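S.K.: Below is a structure I'd like to ask you about.
All of the numbers you see were taken from the coordinates with simple rules; none came from a lab. Being a predicted model, the structure only gives us computed values, none of them experimental. Because the Cβ atoms are built from the backbone with ideal geometry, glycine has one as well, and the counts that use them run over all protein chains shown.
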Amino acid sequence: GDSVTQMEGPVTLSEEAFLTINCTYTATGYPSLFWYVQYPGEGLQLLLKATKADDKGSNKGFEATYRKETTSFHLEKGSVQVSDSAVYFCALSVYGGSQGNLIFGKGTKLSVKP
Amino acid sequence: EPEVTQTPSHQVTQMGQEVILRCVPISNHLYFYWYRQILGQKVEFLVSFYNNEISEKSEIFDDQFSVERPDGSNFTLKIRSTKLEDSAMYFCASSEGQGRGNEKLFFGSGTQLSVL
């Protein structure tokens, strides 16, 4: 079945370090791919998305490129800040699939130290 | 930005008891969802709801679960007889449209349910 695998956390970085959180997927259809972020005490928020191969989603300095050949959607940021500390979830939704039926990874907790 | 609100933030109950988790979706949204995350595991889809009926449900959403939109603003998840394995963070979400690939879901901050 469809699934998402993302790197285990927690990830601890110093401020201004480079961030990569790996995400790979398995899907039978044509998925849209998402990164959601959950800040402490808040709900999941859509961070960025890509709906077809080679698309790059970007927001708040974060980027992820939809790579069909490697079935990946790795999240990157060139210089993290303390305020980026959160849990990051990779997710997919299969085109033509169910309404709002997102398939999530386990989440990766990021802690950024000053 | 408008937000989805969930109450309570924490709920503790005894095994076998009924619980109702409450959500207020964004006012102009038409599609509503429940997800849950057991500690250390993935966020899992439970059910979607549109036009006062269930659109889709997962295998997790068995007869012990039900959803309801009792009035114009609330969306509830009821667990009739809780089990220990129902302990999880439950997230409500809503969307303006169908929530397919191009639609944005707005999530609440979750209700942590602990079944003792």
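S.K.: Taking the Cα centre of the protein assembly as shown as the origin, how large is its charge dipole in debye, to the nearest 20, when only Lys and Arg (+1) and Asp and Glu (-1) carry charge on their Cβ atoms? Write out the running numbers ahead of the final one.
M.R.: On the way: 20 positive and 26 negative charges, 38 e Å.
Taking the Cα centre of the protein assembly as shown as origin, the dipole is about 180 debye.
S.K.: Starting with the highest mean, order A:81-92, B:76-87, A:36-47 by the number of other Cβ atoms within 10 Å, averaged over the residues of each peptide.
M.R.: A:81-92, A:36-47, B:76-87
S.K.: I'd like the antiparallel share, as a percent to the nearest 5, of DSSP beta bridges with both residues in the protein assembly as shown.
M.R.: 90 percent
S.K.: I'd like the FRET efficiency for A:Thr71 and A:Glu42, computed as 1/(1 + (r/R0)^6) with the beta carbon distance as r and R0 of 41 Å, rounded to 0.05.
M.R.: So the FRET efficiency works out to roughly 0.85.
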